[in-house]
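We did not get these values from a lab; they are worked out from the coordinates using the rules stated. The shown structure was predicted, so the numbers you read here are calculated from the model rather than taken from an experiment. A quick note on method: Cβ atoms are made from the backbone with ideal geometry, for glycine too, and the neighbour counts reach across all protein chains shown.
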Amino acid sequence: MRATRRRLGLVARNVGIPILSLVLVLVLWQLIVVGFHVASYVAPRPRAAIDAVTQNWSVLWPLVLGTIRETVYGFVVGAALGFFLGVIMAKVSFLQGLVYPVLVLSQAIPIIALAAPLVLILGFSTAPKIVIVAWIVFFPVTVNVIDGLSHVDRDLVNLAKVYGASRWRTFWQIEIPATSTPLFSGLKIGATYAVTGAIIGELAASDGSSLALYQEHANSNLNTAAVYGTTMVMTAIGISWFLLVVGVEVFATPWRRRTVARRWPWRRGRDLADR
Amino acid sequence: MTDALLALREVAKSFGDTVALSPTTLDIAEGSFVAIVGPSGCGKSTLFNVIAGLLAPDAGAVLLSQRDVTGTTGHVGYMLQKDLLVPWRTVEDNITMAKRLTGRVTTEDRSEARRMARAYGLGEFLRHYPSALSGGMRQRVAFMRTLMTHQRLLLLDEPFGALDAQTRLEMQQWLLQVWRDAERTVLFITHDVDESIFLADRVIVMSPRPGRVVADFANPLARPRTLEMLTEPDFIALKGQIMHLLHGGAA
């Protein structure tokens with residue numbers, strides 16, 4: 001009973017407080033617009049922005065799907081590439097010295113400047129957007145994986161060696177789980193930037209129908225409510241993606257929050273093995 | 001030739017100009033409990049790392065059951081002062097870690113791990129993560145993981161060094177009980193002379209600069225060991241001899 005109450009309290013705190021802060025932002029927005037008599041073509045009231053989204057949802061939805069697709073594909077490609085690069089560079093110090101400066105250089109290039117050549121190479125498809133998202137996402141993943149792998153407890157690796165473990169087993173059973181915290185930090189940073197990358201890609205390399213161009217179109221028509229509404233939609237995509245990554249992290253690293261392992265239905269046979 | 005489980009033949013190791021271990025020859029009988037005492041820098045950990053295969057000696061050979069295992073790994077159980085439990089695995093999965101690293105964890109392995117944990121007071125904690133355990137409990141899990149390597153020779157490097165005095169005494173008694181049940185050969189490093197005499201059949205004393213064996217005592221105390229023995233004349237006499245070697249005329 002008490003445990004249930006405590007769990008409910010925890011859920012209320014973890015979900016309730018963020019919702020409350022969101023509501024506060026909307027209230028503050030309303031107060032500023034109304035209180036300072038801001039003209040509606042400068043900044044709409046929250047209600048107008050929300051209406052601009054809901055009333056045009058049938059037009060917006062396919063564009064939203066497009067942005068989500070670019071974000072997800074780009075994130076997956078970037079995260080996989082970042083992980084792979086991080087592992088290779090952590091394991092081969094010669095490569096780390098050779099490749100690291102190039103990676104830093106890659107991040108110093110303004111993404112906008114990257115878009116033009118990408119369009120020339122890949123055309124106005126989804127591909128250049130995926131490349132831009134991946135370009136942004138891979139870097140924090142690589143840096144964190146290198147950092148994590150180079151800080152794995154040497155004694156633990158030696159213990160595995162004494163037991164006769166192969167390097168491959170040691171890597172998957174010891175080094176990778178030990179790197180989970182920095183790995184997920186990198187993924188979370190990447191997740192927050194992924195949508196921004198997709199929007200930049202849509203702005204710089206779009207042939208017509210995209211969320212970013214929809215917003216630009218609304219802007220040139222002085223449809224400020226739609227501009228704000230589209231921004232809210234983009235933000236919602238970004239937050240959802242971030243929360244999804246956090247959800248995966250929570251699921252994948254139960255030992256950080258729990259003292260006792262969860263019982264999974266598909267593992268019941270194993271648990272009952274000797275009873 | 002020798003019928004000892006472990007035989008070191010003129011094993012030596014230097015790091016640069018520092019002689020960590022001067023040529024050392026030792027025979028460890030099957031089923032015995034041998035303690036090694038000595039101050040830091042006497043080469044005891046180097047000796048362990050050479051036996052375990054983490055370090056290749058500059059000279060000499062390590063024979064296990066008359067087989068040359070010099071510079072190779074995978075033939076001993078090994079435990080340090082740091083418990084080295086992995087936080088992402090439950091107690092049960094930590095106990096079976098060696099099998100997970102070298103082969104497949106079978107249903108029998110799991111049953112054995114559970115039997116062992118229940119027999120030695122950790123049955124309630126099989127599904128717990130290590131973060132939920134006390135220092136003494138963690139060391140017990142680490143020792144069970146060492147037993148589950150199924151190696152005949154166990155190297156324990158100051159396993160109770162980080163525990164408080166009370167817990168350490170409990171752990172020593174616990175270890176003797178488990179050792180009797182498990183019928184393994186134990187090589188036990190410690191800097192605690194009382195601990196070495198209380199646990200071992202044989203106490204080897206090492207000395208630094210250069211690291212070497214300076215004495216090898218047979219322990220006259222009978223088994224099973226009891227706490228009363230800690231104040232018996234035989235115990236005090238052996239302790240006096242070892243202390244004299246460790247601290248010279250000053251003691």
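A few notes on this one:
- Anisotropy class of the range B:34-85 from Cα gyration tensor, a/c 1.5 cut: oblate
- Among A:Y163, A:Y100, a tally of other beta-carbon atoms within 10 Å of each Cβ gives an order, fewest to most, of A:Y100, A:Y163.
- Contact order normalised by residue count of chain B, Cα under 8 Å, 6+ apart, percent: 26 percent
- The largest-to-smallest principal axis extents of the Cα set in chain B are 52, 42, 33 Å.
- On the beta carbon distance between B:T25 and B:H191, with R0 = 25 Å, the FRET formula returns roughly 0.60.
- Test item: Cα-centred dipole of the protein assembly as shown, Lys/Arg +1 and Asp/Glu -1 on Cβ, debye: 1600 debye
- When A:V245, A:V92 are arranged by Cβ crowding within 10 Å, least crowded first, meaning fewest neighbours, the order is A:V92, A:V245.
- Three-way shape call for the range A:201-247 based on the alpha-carbon gyration tensor, with the a/c threshold at 1.5: oblate
- Those chymotrypsin sites (Phe, Trp or Tyr not before Pro) in the range A:13-84 that DSSP places in a loop and that have at most 15 other beta carbons within 10 Å: A:F36, A:Y41
- Secondary structure note: in chain B, about 55% of the DSSP beta bridges are antiparallel.
- Förster radius 22 Å - calculated FRET efficiency between B:S111 and B:R223, Cβ distance, rounded to 0.05: 0.15
- Against chain B, whose longest principal axis is taken from its Cα atoms, helix B:135-147 shows a tilt of about 90°.
- Distance-filtered residues of the range B:7-22 - backbone nitrogen under 17 Å, label point 7 angstrom along B:V214 Cα→Cβ: B:19-22
- Between the helical axis of B:165-182 and the longest alpha-carbon principal axis of chain B there is an angle of about 80 degrees.
- In this simple spin-label approximation, B:A56 and A:I239 carry label points 7 Å from Cα along the Cα→Cβ vector, and these lie 6.0 nm apart.
- Ellipticity at 222 nm from helices only: DSSP H runs of n ≥ 4 in chain B, each -39500 (n - 2.57), divided by the residue count, give -10500 deg cm²/dmol.
- Residues in the range A:22-31 carry Karplus couplings, in order, of 4, 4, 4, 4, 5, 4, 4, 4, 4, 4 Hz; the curve used is 6.51 cos²θ - 1.76 cosθ + 1.60 with θ = phi - 60°, and Gly or Pro positions show x.
- Counting neighbouring beta carbons within 10 Å and listing from fewest to most, the residues A:V33, B:V62, B:V213 come out as A:V33, B:V213, B:V62.
- Fraction of beta bridges assigned by DSSP in the protein assembly as shown that are antiparallel (%, nearest 5): 55 percent
- Chain B: angle of helix B:107-119 to the longest principal axis, Cα-based, in degrees nearest 10: 70 degrees
- Cross-link reach is defined here as a Cα-Cα straight distance under 20 Å, omitting same-chain residues fewer than 8 places apart; for B:K239 the lysines meeting it are B:K44.
- Relative contact order of the range B:1-88, defined on C-alpha pairs under 8 angstrom at six or more residues apart (%): 32 percent
- Label point distance in nm, B:A162-A:V104, each placed 7 Å from Cα along Cα→Cβ: 3.5 nm
- The mean of 1/r over all pairs of different alpha-carbon atoms in the protein assembly as shown, once inverted, gives a Kirkwood hydrodynamic radius of 28.0 Å.
- Pairwise label distance in nanometres, A:S21 with A:R167, each label 7 Å out on the Cα-Cβ vector: 4.4 nm
- Three-way shape call for chain A based on the alpha-carbon gyration tensor, with the a/c threshold at 1.5: oblate
- Note that the range B:87-137 carries a Kirkwood radius of 11.1 Å, evaluated over its alpha carbons pair by pair.
- Cross-link reach is defined here as a Cα-Cα straight distance under 30 Å, omitting same-chain residues fewer than 8 places apart; for A:K91 the lysines meeting it are A:K161, A:K188, B:K13, B:K82, B:K99.
- Quarter of Cα convex hull surface for the range A:1-158, i.e. mean projection, nm²: 17.5 nm²
- Over the residues of chain A, the helix contribution to mean residue ellipticity at 222 nm works out to -25000 deg cm²/dmol, using -39500 (n - 2.57) for each DSSP H run of at least 4.
- Debye log10 I(q)/I(0) at q = 0.09, 0.16, 0.21 Å⁻¹ for the range A:121-256, Cα point scatterers: -0.42, -0.89, -1.18
- In order along the range A:197-202, the phi-based Karplus estimate (6.51 cos²θ - 1.76 cosθ + 1.60, θ = phi - 60°) of 3J(HN,Hα) comes to x, 4, 5, 4, x, 5 Hz; Gly and Pro are listed as x.
- Here the relative contact order of chain A, from alpha carbon pairs under 8 Å that lie six or more residues apart, stands at 25 percent.
- Residues A:N219 and A:A12, FRET efficiency given R0 of 51 Å [Cβ-Cβ distance, rounded to 0.05]: 0.80
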